[in-house]
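Bear in mind these aren't lab numbers, they're just calculated from the coordinates by the rules spelled out. The model shown is predicted, which means the values in this text are computed figures rather than measured ones. Neighbour counts are summed over all protein chains in view; Cβ atoms, including those assigned to glycine, are modelled from backbone coordinates with ideal geometry.
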Amino acid sequence: MQTDSEAKAGPAFPKVYILLAAVLALALYNFLGTPASHLPGVRTDYVPTLTADEAKRDAVVEAFRHAWLAYERDAMGDDEYHPISHTGSNLTKAGGIGYTVVDSIDTMIIMGLEDEYQRARAWVADKLSFERDGKFNTFETTIRVLGGLLSAYHLSGDDPVFLEKAQELGTRILPVFDTESGLPLSFINLALREGAPDRDNGGYVSTAEAATLQLEFRYLAYLTDEDTYWEKAENVMATLRASAMSSGLAPIFLDPKSGQYQTSAIRVGSRGDSYYEYLLKQYLQTNQTELVYHEMYVTAMTGIYTHLVKRGLSGQLLFIAELNPERTQNGEIGWRLMPKQDHLVCFLGGSLMLGATTSGALVHNVSIPPRTDELTDDGKRDWLTGVELVNTCMATHDTQTGLAPEIAHFRALGDGMGDSVASTDWYIKGARSGAPPPFDARYILRPETVESIFIAFRLTGDPKYRDYGWAIFQAIEQHCRIPTGGYASVINVDQVPVEYDDKMETFLMSETLKYLYLLFADSSVLPLNEYVFNTEAHPLPVFNPTIRTGFS
Ligand code: DMJ
């Protein structure tokens, strides 16, 4: 006779099959890792090829809580946090705009920190105001606050509070584009809705500032059907294309009046970096439909490979050099090669690998890791360059603390440096025992190396990348963690015990810990073929554009 439950379940199976099914289900569950069903970025129909390392992933979550809870206790709502003095500060005297809160929200959602998320969301809903009569940096406000709101909107399952705030902020920023060329001004007064030039730099706007607003304004346009956001951001790219150098390289300053590049340094580090990053990501954001970005990206990577990829003295380490303009004897502009690489450049390793498997792919879905017959010649070149650059960035962690400096210099033939000063391939310029540490020696909790390591792991499955990321995480834990809460920058990566700088940059919670979490999470979380990460690590979904690209 059947029991009630057996009758509802249909015919009875022998117990051994039920047991077998349970064992298989458990094995599959373990293989997939813990499902995070709250997150749109996790697909339930997708079997991840890379499983989670739960212990390490959870250690990163603990670190995030250590950072967030200290900020919340001491400085909730303030733009910036100082973990040693237990204080907060704002970017302008007119008050803050939620820099730290908004920059952190999507990480909470991704990590499944429901309580923290609800408190942060309530702050955004009740306290966040953009009615601030002060000058805010256009680029930073866009990548951190607008990007953070848009990502929170998507990952929260379209909570309207985030889109309302994003639209209000986007609209307040728009006047920066009201210049003769359409290139943005560097600052925006959010209350007066007036753009302002960067007087410290002759009114010029840096290339990264101008060309790292597009993912955010394009996605805002897509969500709201307001084409203006799209057109203003895209017009910047059209202007840059019209004044581009044939090499594909971009000097770091632009004139918002003429729309022309100014004679200035060429580098993939500060003021240049995310220009190159967003060329690829604009192409990926709209599902690889906008071929002009593909072309601009391919030209730029060829320029970087041809002119900037160099090797240190021993030939072991590949790095990305800079070019400084100088007048030659006949009055023309020549370019002096500087064997110097900002920590910021370390985003490029992962970016090149991602570009190789998308822009440089011969097939739709490349293997993990890619096979050589799946990549174009450019794709193979960029893949190998990216892999080597990630290794170089790891090599710059070979310091007393295991943390990498803000800037590394590489040895070059005839550099006049004795081996006693710098016996390795690279060194920190100006570092001398007994002397105050140079600015270059700092580690300010930057994410670029772990960002590349995360991408490299997703695209290769090679466990060495998890080892790299874990080593960096442990160095951060050992040297940057403040016992009373929060994390601080260190002023010399080659000094133990460290001296702190009393600042916890917002990108620790938005980028560094997010990328470390994703490195140890299973690969169904935010798959790289469905999301683009803005330059502040805010994931935005790939979409099919409803607007045609307005330039070619
Ligand atoms: C972040 O604000 C962004 O990643 C930006 O593109 C570069 N600098 C920081 C992190 O280092």
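Structure notes:
- Inter-probe distance in nm under a simple model that places probes 7 Å from Cα toward Cβ, at T424 and Q400: 1.4 nm
- The H on the amide N of T87, modeled in the peptide plane, is under 5 Å from the matching H of H82, each at least 5 residues off or on a different chain.
- For W426, distant residues with modelled amide H under 5 Å away: R411
- Ordering S156, W426, F439 by the projection of their Cα atoms onto the charge dipole of the chain, which places +1 on the Cβ of Lys and Arg and -1 on the Cβ of Asp and Glu, puts W426 at the extreme positive end.
- Efficiency of FRET between I84 and D462 - r from beta-carbon atoms, R0 45 angstrom, step 0.05: 0.75
- Acute angle (nearest 10 degrees) that the helix 54-75 long axis makes with the longest principal axis of the chain, alpha-carbon atoms: 70 degrees
- Cα centre as origin, Lys/Arg/Asp/Glu Cβ charges: the stretch 112-183 dipole, Debye: 160 debye
- Reach of K127 by Cα under 24 Å, taken over lysines that are not fewer than 8 positions away in the same chain: K93, K135, K165, K503
- Only helices enter the 222 nm calculation for the chain: every DSSP H run of n ≥ 4 contributes -39,500 (n - 2.57), and dividing by all residues gives -13000 deg cm²/dmol, rounded to 500.
- For the chain, the cysteines with no partner cysteine C-beta closer than 4.7 Å are C480.
- Karplus-derived HN-Hα couplings along the stretch 177-189 (A = 6.51, B = -1.76, C = 1.60, θ = phi - 60°), whole Hz, x at Gly and Pro: 7, 7, 10, 4, 8, x, 5, x, 7, 6, 10, 9, 8
- Theoretical gain in end-to-end length, F439 to D501 [0.36 nm per residue, Cα-Cα removed]: 21.2 nm
- Loop-located trypsin sites (Lys or Arg not before Pro) in the stretch 479-552 (DSSP state not H, G, I, E or B) with no more than 13 neighbouring Cβ atoms inside 10 Å: R548.
- When the charge dipole of the stretch 101-242 is built from unit charges on Cβ atoms (+1 for Lys and Arg, -1 for Asp and Glu) and taken about the Cα centre, the candidate among V124, I173, G203 whose Cα reaches farthest toward its positive end is G203.
- Here the chain yields Rg over Rh of 0.99, to two decimals, using C-alpha coordinates and the Kirkwood radius.
- In this calculation the C-beta distance from S246 to A125 is compared with R0 = 41 Å, giving a FRET efficiency of 0.25.
- Of the GluC sites (Glu not before Pro) found in the stretch 314-360, the ones in coil according to DSSP and having at most 14 other Cβ atoms within 10 Å of their Cβ are E332.
- Angle between the chain longest axis and helix 99-111 axis [Cα atoms, degrees, rounded to 10]: 40 degrees
- Look at the alpha carbon pairs under 8 Å that are at least 6 residues apart: their mean separation over the length of the stretch 439-552 gives a relative contact order of 28 percent.
- Distance between the 7 Å Cα→Cβ label points at N287 and M76: 4.2 nm.
- Pairs exceeding 24 Å between alpha-carbon atoms, taken from K232/K514; K429/K514; K380/K464; K56/K380: K232/K514; K429/K514; K56/K380.
- Using Cβ point charges alone (K and R +1, D and E -1), the dipole size of the chain about the Cα centre works out to roughly 700 debye.
- Computed from the Cβ-Cβ distance with R0 of 25 Å, the FRET efficiency linking T263 to T306 stands at 0.80.
- For K135, residues with placed amide H under 5 Å, excluding near neighbours: none
- Qualifying trypsin sites (Lys or Arg not before Pro) for the stretch 304-377 [loop in DSSP, other Cβ within 10 Å: at most 14]: R371
- Size of electric dipole in the stretch 98-222: Cβ of Lys, Arg +1 and of Asp, Glu -1, about Cα centre, debye, nearest 20: 120 debye
- Signed unit charges on C-beta, dipole axis of the chain, positive-most listed residue V102, C480, A244: A244
- Relative contact order computed over the chain (Cα-Cα under 8 Å; 6+ residues apart), in percent: 17 percent
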